[in-house]
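**Q** Here it is, the structure, as structure tokens.
The values are calculated or read from the model by the stated rules, or taken from the named source; none is laboratory data. Just so it is clear, the structure is predicted and the values come from calculations on it, not from any experiment. A quick note on method: Cβ atoms are made from the backbone with ideal geometry, for glycine too, and the neighbour counts reach across all protein chains shown.
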There are 2 protein chains.
Amino acid sequence: MAKRTEVDKVPVEEGRKRVVIERVEPEVDGGRFPIKRTIGEEVVVEADIFSDGHDALSAVLLYRADSDSAWVEVPMQLLVNDRWRAAFRVTRLGRYYYSITAWIDRFQTWRRDLEKKVAAGQEVAVELLTGAQLIADAAGRASGGSAQKLRRWARSLQAQVDSEQARIDLALSDEVAALVSRYPDRGLAVTYPVDLAVVVDREKARFSSWYEMFPRSCTPEPGRHGTFRDCEAKLPYIASMGFDVLYFPPIHPIGRTNRKGKNNAPMGDSEDPGSPWAIGAEEGGHKAIHPQLGTLDDFHRLMARAREHGIEIALDMSFQCSPDHPYVAEHPEWFRWRPDGSVQYAENPPKKYQDIYPFDFETEHWQELWEELRSVVLYWIDQGVRIFRVDNPHTKPFVFWEWLLGDVKRKHPDTIFLSEAFTRPKIMYRLAKLGFTQSYTYFAWRNTKWEFVDYFTELTQTPVREYFRPSLWTNTPDILTEYLQSGGRPAFMTRLVLAATLGASYGIYGPAFELCENRPKEPGSEEYLDSEKYEIKHWDTDRPDSLKEFIARVNRIRRDNPALHSDWSLRFHTVDNDQIVCYSKQTEDLSNVIVVVVNLDYRYTQSGWVELPLETFGLNPSEPYQVHDLLSDARYAWQGRRNYVELNPQVVPAHIFRMLRPGQ
Amino acid sequence: MAKRTEVDKVPVEEGRKRVVIERVEPEVDGGRFPIKRTIGEEVVVEADIFSDGHDALSAVLLYRADSDSAWVEVPMQLLVNDRWRAAFRVTRLGRYYYSITAWIDRFQTWRRDLEKKVAAGQEVAVELLTGAQLIADAAGRASGGSAQKLRRWARSLQAQVDSEQARIDLALSDEVAALVSRYPDRGLAVTYPVDLAVVVDREKARFSSWYEMFPRSCTPEPGRHGTFRDCEAKLPYIASMGFDVLYFPPIHPIGRTNRKGKNNAPMGDSEDPGSPWAIGAEEGGHKAIHPQLGTLDDFHRLMARAREHGIEIALDMSFQCSPDHPYVAEHPEWFRWRPDGSVQYAENPPKKYQDIYPFDFETEHWQELWEELRSVVLYWIDQGVRIFRVDNPHTKPFVFWEWLLGDVKRKHPDTIFLSEAFTRPKIMYRLAKLGFTQSYTYFAWRNTKWEFVDYFTELTQTPVREYFRPSLWTNTPDILTEYLQSGGRPAFMTRLVLAATLGASYGIYGPAFELCENRPKEPGSEEYLDSEKYEIKHWDTDRPDSLKEFIARVNRIRRDNPALHSDWSLRFHTVDNDQIVCYSKQTEDLSNVIVVVVNLDYRYTQSGWVELPLETFGLNPSEPYQVHDLLSDARYAWQGRRNYVELNPQVVPAHIFRMLRPGQ
């Protein structure tokens, strides 16, 4: 009896199953997290599938658009070395699921072996009887005309009325194989134990051009606090540059206690507008609008006007409070209190942020806190907002984000969350896995060719790309890089081209960017002098030295060239000059191939020979071809893999070539 | 209410836990399979451990020698980039388990921040009160003298009797930190959800020298069927060559129906002894001994004698039957029957093995079949056998092996199973994961330098090494490689050195090997002419051209040099001649460093410059050092990284250098 118990540890339904399915790709952390796609994209699934012995296998990829539907099956093809592949296309927002089923195919095995035996001239009389049984079994699983046909074939193989050769021909006929394969015996089939998930987003999750702007600085006359009405007047300007997302820093009432002054002075005076990230005052908290910006109606009107210009408004989501936020009085249990009875303000010693109280996510009342924060997101979703730039998500628990983003996206799958986590790589990746749609990157601090190759190969050619969608920013109100500080206008052009072509999603913080604002608070600092975070600015966007035309051209190139709408085809190419970086993107059908060449040196003209893998672009290396520089509109006749380039940063520091095949 | 339900999807005990533990290594397929170690080895465990925010973390590696014991804890150290490490040593046979626990360390966080604030000259009065509370909390988790001490410190920090400086000094003292760290608050600790397993084997699982021999060919006079008594007489010979495992092909009664004749003739005559792998006859099956070999008592006596010579007997385990095996009549339900009433014999079309019936593992009576096969293993274990070479495991279901090996090793953790699966790589690796202790490899067919570097880097420097222990065979009764056929004696010496030094476990099939038997059945075949599989052979092991002395020397070098007892330190080194391969192995403490140089060309003398990473051997590149060729006993004074070698295959085709530091 003891022995029986031990065999019985193997479930009765498992002991005869012989197929193994492993190393399924794509798969994030064993299926713990979903992969990401946008509508219309393919999911190419591969797996190692094998069994003991020499039997033939069959395998199908299973997929469904939600967890309730029936599986759709796609036959998988054996590639090589026990690796199988199939693909499906996602066409609806939300969560798709996929898995794999495979089984020993008794009929295919028999047919393959029969072929070999016949070829070797062996006796196959018994084999034909075996085949008759297998076909009769298939008939038992079929119905109607198919079942009749199969039964007829089975009888023919068995009856020995026809000649043996005629029966062999029948047994090996494609018609028999095709019909039998429709009724396989899956009694001992194995299904991969995990239903792998795909989060399907709208296209903007993959391809978007962001413009960050402080609405309070939109006023045409200096000194006045800008309003949503002022923002409306700026929409044609932003649209003319080709941006499709307009992101506002927090639009809520700003606290007065410990309000920061100009240049982050510890105590502002009563005139200072304060930092928009010090959210909450007596006028309200995260669901309120700063009275000086306008009303909720004004906001709705602005959103509608923006839509007319092809622009979507993105809001900031900063889960933190000023000391004056109503939450502090209403929910003291959501904050950590110090022994002296004060609330623990935000700090990163020795830095102090006395105007900001973080939530205490370790509170025993975390459930109420989570619900309240979700209600903030849902409130703005109710107002029509579908894009959120989430401030410092890495200072709130991962488990909270997974719940919040999962829950919101289940109800509103068109919502996009951009993770503003400038922190250690594993934390940034974890947040992306948990559900953030897009993520800020280290792009701003990557300057050398080696750095670009290394980082963007990791982001676009490794499993990271299954869950982490990069958003490349040239600058932000917190980040004025040393490269921009030192390089001036050529550096701004270089960074724009890099961000806009390395990244299908990118953003600039303007008008500081197009006006090439690059004065740091102090040497060595990445903070802007007289930062807009602490004061109202007035920007003269009509200045003749503005980069707005250049930006408009780059965004038009992006829009017109589908190769630039995605990151996965990015490949770097050899140039014999370390100051020049060259890379390409292409559509799957090669109808659109873009080659970008950028001079990273903002001081001097640089030249070199670029080496291109013409075959992968669909070009014949022995024939001449044309490259069309979409920035300068110049066309060059090139031939062969190696061609000369020369870029003067004082003119334009980059080429964005479209590769043209003869006839294109 | 609906909202509450959704938050409640997150378990109450999870919502406040902020630490993530991921990418634990070693870990095979997400913990689905155990890693392998031998007694005395270390398990070095690494993981990515991080949380949101800026809090300090603490982490401990947990391990235990069986699933019932309490966890032992080892503090983990942060390496870099959120990667943590700790290690433990396995000292008992069986299954160890390991996991990781990590938590936000509130006290460490506070202490680190206090240090920074003090350094910045900030006001810390409230911080000291916070610290007092944290220390008092630790006192609550402690007891006895520790609790008293902690309470006293907490009072000192709070009371403001001492000067602030004195209180700061106390707060930052190592003594306080050390004692508090013994009583951490683990209320919100996170434990890795998988208990990862280690199968701990005895040393022979990692380091073993195998000799395969047909006992029926051991007779001193030609023509007679050898016996176990004859084998006894061969033990001194085998021991003198330095082997510690003697593996016999099946020793069971051999079927008569369809018995194979000489050179695999389809029908033997009545004189033919048959293939030992056609197991079972009227005299019995897998638990019986072939009457012509002797009795069970003879077998016991042989095992005892072998032990005296330091040799362990390994048996073959071939789960298949001759048509005369008692199972066929007693358990027809364990075989697949054909429509003509015959049993389906083994085949790999167009090849037929009519003398062998495979079991039908898809039988509905699989449980009885499994139990019976396990009883075979347990029977021989009861006879004292602890090493099994398993024939063709890849033709039996994976689920069966996992159950069988797991069950047997649970009861007899000193058992060693060698997987004889010469098949596709993923199947070989799967079998290793399932529990085989050692595995045959593709070594026999790897001939070029590039092939050695590629294959042995995969086996020894990738995660494969955690579960797949290579066993390198120069030849087997089925494998007489083209290299040995063409290269004669120099080729045999080359392959011996390669097998014995690339692999901590290796084997030869003798006396065919030491007598340089290399006549193939026909050109292009890897079968031996007049193969011992189908007839009784008589070997003259006293022949003067035997390699026995050379083999003895190589095995002595293996025994005396611990660097060769393991595979993980294997590294290949540059030689400017593709016909010469160079590699090294070393002990962790560098007390034993072996460098092997082999001429792969059995025809011509080859020479070249080898380039060695002297620093990794503990040698000073600017000082001369000695290399001692353990094969020729010659010593050379070398200097610098590049040194000249020249190898004449007609003399000795290899160097096995021991690297000697000055004074060694």
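**Q** Any chance segment B:548-558 includes a residue that's within 30 Å of B:G226 (Cβ to Cβ), in contact (Cβ under 8 Å) with a residue 12 or more places away in the chain and part of a loop (DSSP other than H, G, I, E, B)?
**A** Our first condition is that a residue be within 30 Å of B:G226 (Cβ to Cβ); within segment B:548-558, this holds for B:548-556, B:558.
Imposing the further condition that a residue be in contact (Cβ under 8 Å) with a residue 12 or more places away in the chain reduces the set to B:548, B:550-556, B:558.
Next, from what is left, pick out any that are part of a loop (DSSP other than H, G, I, E, B): none.
Scanning segment B:548-558, I find no residue that is within 30 Å of B:G226 (Cβ to Cβ), in contact (Cβ under 8 Å) with a residue 12 or more places away in the chain and part of a loop (DSSP other than H, G, I, E, B), so the answer is no.
**Q** Can you go through A:G30, A:G53 and tell me which one is at the interface with chain B (Cβ under 10 Å from one of its Cβ atoms), touching a residue at least 24 places away in the same chain (Cβ under 8 Å) and assigned to a loop (DSSP other than H, G, I, E, B)?
**A** Working: A:G30 fails: assigned to a loop (DSSP other than H, G, I, E, B).
Of A:G30, A:G53, the one residue that is at the interface with chain B (Cβ under 10 Å from one of its Cβ atoms), touching a residue at least 24 places away in the same chain (Cβ under 8 Å) and assigned to a loop (DSSP other than H, G, I, E, B) is A:G53.
**Q** Got a sec? Which of A:E522, A:E526, A:E514, A:E532 is surrounded by 24 or more Cβ atoms within 10 Å (Cβ to Cβ), part of a loop (DSSP other than H, G, I, E, B) and of a type outside the set (A, V, I, L, M, F, W, C)?
**A** Working: A:E522 fails: surrounded by 24 or more Cβ atoms within 10 Å (Cβ to Cβ); A:E526 fails: surrounded by 24 or more Cβ atoms within 10 Å (Cβ to Cβ); A:E532 fails: surrounded by 24 or more Cβ atoms within 10 Å (Cβ to Cβ).
Testing whether each residue is surrounded by 24 or more Cβ atoms within 10 Å (Cβ to Cβ), part of a loop (DSSP other than H, G, I, E, B) and of a type outside the set (A, V, I, L, M, F, W, C) leaves just A:E514.
**Q** Another question, then. Can you say whether B:T457 is surrounded by fewer than 23 Cβ atoms within 10 Å (Cβ to Cβ), of a type in the set (S, T, N, Q), within 14 Å of chain A (Cβ to nearest Cβ) and within 26 Å of B:E482 (Cβ to Cβ), as far as the supplied structure shows?
**A** Numbers: surrounded by fewer than 23 Cβ atoms within 10 Å (Cβ to Cβ): yes; of a type in the set (S, T, N, Q): yes; within 14 Å of chain A (Cβ to nearest Cβ): no; within 26 Å of B:E482 (Cβ to Cβ): yes.
Taking the combined requirement at face value, the residue does not satisfy it.
**Q** Additional query: Anything in segment B:193-208 that is of a type outside the set (V, I, T) and more than 23 Å from B:T501 (Cα to Cα)? List them, or say none. Spell out how you get there, then give the answer.
**A** Step one: filter segment B:193-208 for residues of a type outside the set (V, I, T), giving B:193, B:195-197, B:201-208.
Once the filter is applied, which keeps residues that are of a type outside the set (V, I, T) and more than 23 Å from B:T501 (Cα to Cα), segment B:193-208 yields B:P193, B:D195, B:L196, B:A197.
**Q** Taking B:H290, is it under 21 Å from B:S531 (Cα atoms) and either aromatic (F, W, Y) or modelled with pLDDT of 95 or more (or both)? First the steps, then the outcome.
**A** On the way: under 21 Å from B:S531 (Cα atoms): yes; either aromatic (F, W, Y) or modelled with pLDDT of 95 or more (or both): yes.
Answer is yes for this residue.
**Q** Of the residues that make up segment B:526-549, is at least one on the phi > 0 side of the Ramachandran plot, of a type outside the set (G, A, S) and over 22 Å from the mean Cα position of the chain (by Cα)? Show your work before the answer.
**A** Pass one, segment B:526-549, residues on the phi > 0 side of the Ramachandran plot: B:530.
Restricting the remaining residues to those that are of a type outside the set (G, A, S) gives B:530.
Filter once more, keeping what is over 22 Å from the mean Cα position of the chain (by Cα): B:530.
Scanning segment B:526-549, I find at least one residue that is on the phi > 0 side of the Ramachandran plot, of a type outside the set (G, A, S) and over 22 Å from the mean Cα position of the chain (by Cα), so the answer is yes.
**Q** Looking at A:Q160, is it more than 9 Å from chain B (Cβ to nearest Cβ) and at positive phi?
**A** Values: more than 9 Å from chain B (Cβ to nearest Cβ): yes; at positive phi: yes.
In short, yes.
**Q** Taking segment B:82-93 as the search range and keeping residues that are touching a Lys or Arg at 6+ places or on another chain (Cβ under 8 Å) and touching a residue at least 60 places away in the same chain (Cβ under 8 Å), which one is farthest from B:V44 (Cα to Cα)?
**A** We begin by selecting, within segment B:82-93, every residue touching a Lys or Arg at 6+ places or on another chain (Cβ under 8 Å); these are B:82, B:90, B:93.
From the residues that got through so far, the ones that are touching a residue at least 60 places away in the same chain (Cβ under 8 Å) too are B:90, B:93.
Details: B:V90: 11, B:L93: 18 Å.
Checked segment B:82-93; the qualifying residue farthest from B:V44 (Cα to Cα) is B:L93.
**Q** In segment B:339-387, which residues are part of a loop (DSSP other than H, G, I, E, B), within 9 Å of another protein chain (Cβ to nearest Cβ) and over 29 Å from B:G261 (Cβ atoms)? Steps first, answer last, please.
**A** The initial filter retains those residues of segment B:339-387 that are part of a loop (DSSP other than H, G, I, E, B), namely B:339-342, B:344-345, B:349-350, B:354-356, B:359-365, B:383-386.
From what's left, within 9 Å of another protein chain (Cβ to nearest Cβ): B:339-340, B:342, B:344, B:349-350, B:361-364.
Answer for segment B:339-387, where residues must be part of a loop (DSSP other than H, G, I, E, B), within 9 Å of another protein chain (Cβ to nearest Cβ) and over 29 Å from B:G261 (Cβ atoms): B:P339, B:F361, B:E362, B:T363, B:E364.
**Q** Taking segment A:279-304, which residues are under 29 Å from the mean Cα position of the chain (by Cα) and in contact (Cβ under 8 Å) with a residue 40 or more places away in the chain?
**A** Taking segment A:279-304 first, the residues under 29 Å from the mean Cα position of the chain (by Cα) are A:286-287, A:299-300, A:302-304.
A:H286, A:K287, A:F299, A:H300, A:L302, A:M303, listed by residue number.
**Q** Here is a follow-up. Within the bounds of segment B:306-324, is there any residue that is closer than 29 Å to A:L128 by Cβ, within 14 Å of another protein chain (Cβ to nearest Cβ) and exposed (fewer than 15 other Cβ atoms within 10 Å of the Cβ)? Outline the logic, then answer.
**A** Looking only at segment B:306-324, we keep the residues that are closer than 29 Å to A:L128 by Cβ, and these are B:320-324.
Okay, now just the ones that are also within 14 Å of another protein chain (Cβ to nearest Cβ), so B:320.
In the following step, the residues that additionally are exposed (fewer than 15 other Cβ atoms within 10 Å of the Cβ) were identified as none.
Among the residues of segment B:306-324, not one is closer than 29 Å to A:L128 by Cβ, within 14 Å of another protein chain (Cβ to nearest Cβ) and exposed (fewer than 15 other Cβ atoms within 10 Å of the Cβ), which makes the answer no.
**Q** Note down all Cβ pairs under 6 Å where the first residue falls in segment B:565-594 and is under 16 Å from B:G608 (Cβ atoms), the second is surrounded by fewer than 18 Cβ atoms within 10 Å (Cβ to Cβ) and aliphatic (A, V, I, L, M), and they're at least six residues apart or on different chains.
**A** From segment B:565-594, the pairs are B:F572/B:V453.
**Q** Pick out the one residue from B:V464, B:V408 that is touching a Ser or Thr at 6+ places or on another chain (Cβ under 8 Å) and within 14 Å of chain A (Cβ to nearest Cβ). Can you show your working first?
**A** On the way: B:V464 fails: touching a Ser or Thr at 6+ places or on another chain (Cβ under 8 Å).
The conditions single out B:V408.
**Q** Mind listing whichever residues of segment B:302-331 are assigned to a loop (DSSP other than H, G, I, E, B) and within 22 Å of B:E232 (Cα to Cα)? It would help to see each step written out before you state the result.
**A** First, pick out the residues of segment B:302-331 that are assigned to a loop (DSSP other than H, G, I, E, B): B:309-311, B:318-319, B:322-325, B:331.
Selection gives B:H309, B:G310, B:I311.
**Q** Residues to consider are A:R386, A:R338; find the one that is within 31 Å of the chain's Cα centre (by Cα) and among the basic types (K, R).
**A** Values: A:R338 fails: within 31 Å of the chain's Cα centre (by Cα).
Being within 31 Å of the chain's Cα centre (by Cα) and among the basic types (K, R) holds for just one of A:R386, A:R338, which is A:R386.
**Q** Yes or no: A:F398 away from chain B (no Cβ under 13 Å), touching a strand residue (DSSP E or B) at 6+ places or on another chain (Cβ under 9 Å), touching a residue at least 12 places away in the same chain (Cβ under 8 Å) and aromatic (F, W, Y)?
**A** Working: away from chain B (no Cβ under 13 Å): no; touching a strand residue (DSSP E or B) at 6+ places or on another chain (Cβ under 9 Å): yes; touching a residue at least 12 places away in the same chain (Cβ under 8 Å): yes; aromatic (F, W, Y): yes.
So A:F398 fails the test.
**Q** Okay, next question. Among the residues that make up segment A:414-433, is at least one of them crowded, with 18+ Cβ neighbours inside 10 Å, of a type in the set (D, E, K, R), out of contact with any His (no Cβ under 6 Å at 6 or more places or on another chain) and more than 10 Å from chain B (Cβ to nearest Cβ)?
**A** yes
**Q** Looking only at segment A:65-123, filter to residues that are β-branched (V, I, T) and in a strand (DSSP E or B); which one of those is farthest from the other protein chains (Cβ to nearest Cβ)?
**A** Within segment A:65-123, the first condition is being β-branched (V, I, T), and the residues that meet it are A:72, A:74, A:80, A:90-91, A:100-101, A:104, A:109, A:118.
Okay, now just the ones that are also in a strand (DSSP E or B), so A:72, A:74, A:80, A:100-101, A:104.
Details: A:V72: 27, A:V74: 22, A:V80: 10, A:I100: 15, A:T101: 17, A:I104: 8 Å.
Once the filter is applied, the top-ranked residue is A:V72.
**Q** Given the options A:A552, A:A563, name the one that is in contact with a helix residue (DSSP H, G or I) (Cβ under 6 Å, 6 or more places away or on another chain), of a type in the set (G, A, S) and modelled with pLDDT of 95 or more.
**A** Of the residues listed, the single one that is in contact with a helix residue (DSSP H, G or I) (Cβ under 6 Å, 6 or more places away or on another chain), of a type in the set (G, A, S) and modelled with pLDDT of 95 or more is A:A552.
**Q** Then there is this: Taking B:Y442 and the conditions (1) surrounded by fewer than 20 Cβ atoms within 10 Å (Cβ to Cβ); (2) touching a residue at least 60 places away in the same chain (Cβ under 8 Å), which numbered condition does it fall short on, given that it satisfies the others?
**A** The single condition B:Y442 does not satisfy is (2).
**Q** So, one more: Whether any residue in segment A:499-515 is outside the structural domain of A:L459 (by TED's automatic domain parsing), under 30 Å from A:D201 (Cβ atoms) and touching a His at 6+ places or on another chain (Cβ under 7 Å) is what I want to check.
**A** Start the filter on segment A:499-515 by keeping residues that are outside the structural domain of A:L459 (by TED's automatic domain parsing), which leaves none.
Among the residues of segment A:499-515, not one is outside the structural domain of A:L459 (by TED's automatic domain parsing), under 30 Å from A:D201 (Cβ atoms) and touching a His at 6+ places or on another chain (Cβ under 7 Å), which makes the answer no.
**Q** OK, next. I need every pair where a residue in segment B:233-244 that is in contact (Cβ under 8 Å) with a residue 12 or more places away in the chain has its Cβ under 9 Å from the Cβ of a residue that is polar (S, T, N, Q) and surrounded by fewer than 19 Cβ atoms within 10 Å (Cβ to Cβ), sequence separation at least 6 or different chains.
**A** B:K234/B:T541; B:Y237/B:T541
**Q** Tell me, please, whether a residue that is touching a Cys at 6+ places or on another chain (Cβ under 8 Å) and in contact (Cβ under 8 Å) with a residue 12 or more places away in the chain can be found in segment A:197-207. Let's see the steps before the verdict.
**A** Filtering segment A:197-207 for residues touching a Cys at 6+ places or on another chain (Cβ under 8 Å) gives none.
No, because not a single residue in segment A:197-207 is touching a Cys at 6+ places or on another chain (Cβ under 8 Å) and in contact (Cβ under 8 Å) with a residue 12 or more places away in the chain.
**Q** Residue check, A:D48 against (1) surrounded by 14 or more Cβ atoms within 10 Å (Cβ to Cβ); (2) under 26 Å from A:T130 (Cβ atoms); (3) without any contact (Cβ under 8 Å) to a residue 60 or more places away in the chain; (4) not hydrophobic (A, V, I, L, M, F, W, C), all met but one. Which one?
**A** (2)
**Q** Has segment B:447-460 got at least one residue that is in a loop (DSSP other than H, G, I, E, B) and either out of contact with any Asp or Glu (no Cβ under 9 Å at 6 or more places or on another chain) or not assigned by TED's automatic domain parsing to the domain that holds B:Q579 (or both)? Don't jump to the end; show me each part of the working.
**A** From segment B:447-460, those in a loop (DSSP other than H, G, I, E, B) are B:447-448; that's our starting set.
Checking which are either out of contact with any Asp or Glu (no Cβ under 9 Å at 6 or more places or on another chain) or not assigned by TED's automatic domain parsing to the domain that holds B:Q579 (or both) leaves us with B:447-448.
Yes, some residue in segment B:447-460 is in a loop (DSSP other than H, G, I, E, B) and either out of contact with any Asp or Glu (no Cβ under 9 Å at 6 or more places or on another chain) or not assigned by TED's automatic domain parsing to the domain that holds B:Q579 (or both).
**Q** I would also like to ask the following. For the structure I just gave you, tell me whether A:V390 is at pLDDT 95 or above, within 17 Å of A:F359 (Cβ to Cβ), assigned by TED's automatic domain parsing to the domain that holds A:E212 and outside any helix (DSSP H, G or I).
**A** Working: at pLDDT 95 or above: yes; within 17 Å of A:F359 (Cβ to Cβ): yes; assigned by TED's automatic domain parsing to the domain that holds A:E212: yes; outside any helix (DSSP H, G or I): yes.
Yes: the conditions hold for A:V390.
**Q** If you don't mind, there's one more thing I want to ask. Has segment A:269-282 got any residue that is out of contact with any Leu (no Cβ under 6 Å at 6 or more places or on another chain), of a type in the set (S, T, Y), within 30 Å of A:Y63 (Cβ to Cβ) and crowded, with 22+ Cβ neighbours inside 10 Å?
**A** Narrowing segment A:269-282 to residues out of contact with any Leu (no Cβ under 6 Å at 6 or more places or on another chain): A:269-282.
Then drop every residue that is not of a type in the set (S, T, Y), which leaves A:270, A:275.
Pick out the ones that are also within 30 Å of A:Y63 (Cβ to Cβ) and you get none.
Looking for residues that are out of contact with any Leu (no Cβ under 6 Å at 6 or more places or on another chain), of a type in the set (S, T, Y), within 30 Å of A:Y63 (Cβ to Cβ) and crowded, with 22+ Cβ neighbours inside 10 Å, one finds none in segment A:269-282, hence no.
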